[in-house]
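See structure below.
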Amino acid sequence: MPCRASYKQPYAEPYAGADERRCPRCAEPLIHAGSAFAPPRRRDTAGWRVLSVLLNAGIRFHKSCCGGPGYRPRTLAEVRERRAYAKASGEPFARALVRRNLP
C-alpha cells in the first residue's frame, strides 16, 4: 500500500549513475508528478485512487503556457466515464483522461 506522501523538491534531470530519489517514509522510488501538482489529503482514499490511475497512465501535472496543467479528473466517477469512452471510441486512455468534456 502506498504511503501517500508528497514532497516538493527541485527537479533535476537524471544523469548517468544517479540514484533515483526515494521516499523517506517507505523507501519506495518517488514519482516526479510535476510542479503544478497538489496532492489530496492523506486520508482521502478516493482522491489517492484517482491520482494513482493518472500517474500510472503517465499523466503528470506540469505547468503549461496558460499557467496550469489542464484538466485532470478528480473523482472515480470521472475516471470511469473516461475509461468507458476510451474503450468505446478507441481513443488512448491517457488522452481520454485529460479531456475536459466528453463528446
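The values are calculated or read from the model by the stated rules, or taken from the named source; none is laboratory data. In this text, all values refer to a predicted model and were calculated from it rather than measured experimentally. A quick note on method: Cβ atoms are made from the backbone with ideal geometry, for glycine too, and the neighbour counts reach across all protein chains shown. Surface accessibility is based on the protein's heavy atoms, side chains included, excluding ligands, DNA and RNA. Shrake-Rupley method; radii C 1.70, N 1.55, O 1.52, S 1.80 Å.
Can you confirm whether ALA46 is hydrophobic (A, V, I, L, M, F, W, C), surrounded by fewer than 16 Cβ atoms within 10 Å (Cβ to Cβ) and closer than 23 Å to GLN9 by Cα? Break it down into steps so the answer makes sense when it comes.
Numbers: hydrophobic (A, V, I, L, M, F, W, C): yes; surrounded by fewer than 16 Cβ atoms within 10 Å (Cβ to Cβ): yes; closer than 23 Å to GLN9 by Cα: no.
So ALA46 does not fit the description; no.
Just to check your reading of the model, which residue among PRO69, PRO92, PRO39 is more than 15 Å from ARG4 (Cβ to Cβ), open to solvent by 30 Å² or more (accessible area, probe 1.4 Å), free of Cβ contacts under 8 Å to residues at least 40 places away in the same chain and under 12 Å from the mean Cα position of the chain (by Cα)?
On the way: PRO92 fails: under 12 Å from the mean Cα position of the chain (by Cα); PRO39 fails: more than 15 Å from ARG4 (Cβ to Cβ).
Result: PRO69 is the single residue among PRO69, PRO92, PRO39 that is more than 15 Å from ARG4 (Cβ to Cβ), open to solvent by 30 Å² or more (accessible area, probe 1.4 Å), free of Cβ contacts under 8 Å to residues at least 40 places away in the same chain and under 12 Å from the mean Cα position of the chain (by Cα).
Taking the condition of being among the acidic types (Asp, Glu) and either within 9 Å of the chain's Cα centre (by Cα) or within 19 Å of ARG100 (Cβ to Cβ) (or both), how many residues in region 42-66 meet it?
Of the residues in region 42-66, the ones among the acidic types (Asp, Glu) are 44.
The next check asks that each one be either within 9 Å of the chain's Cα centre (by Cα) or within 19 Å of ARG100 (Cβ to Cβ) (or both); those that pass are none.
Result for region 42-66: 0.
Can you confirm whether ALA86 is buried (at least 16 other Cβ atoms within 10 Å of the Cβ) and modelled with pLDDT of 90 or more? Step through it out loud before you land on a result.
On the way: buried (at least 16 other Cβ atoms within 10 Å of the Cβ): yes; modelled with pLDDT of 90 or more: yes.
Yes: the conditions hold for ALA86.
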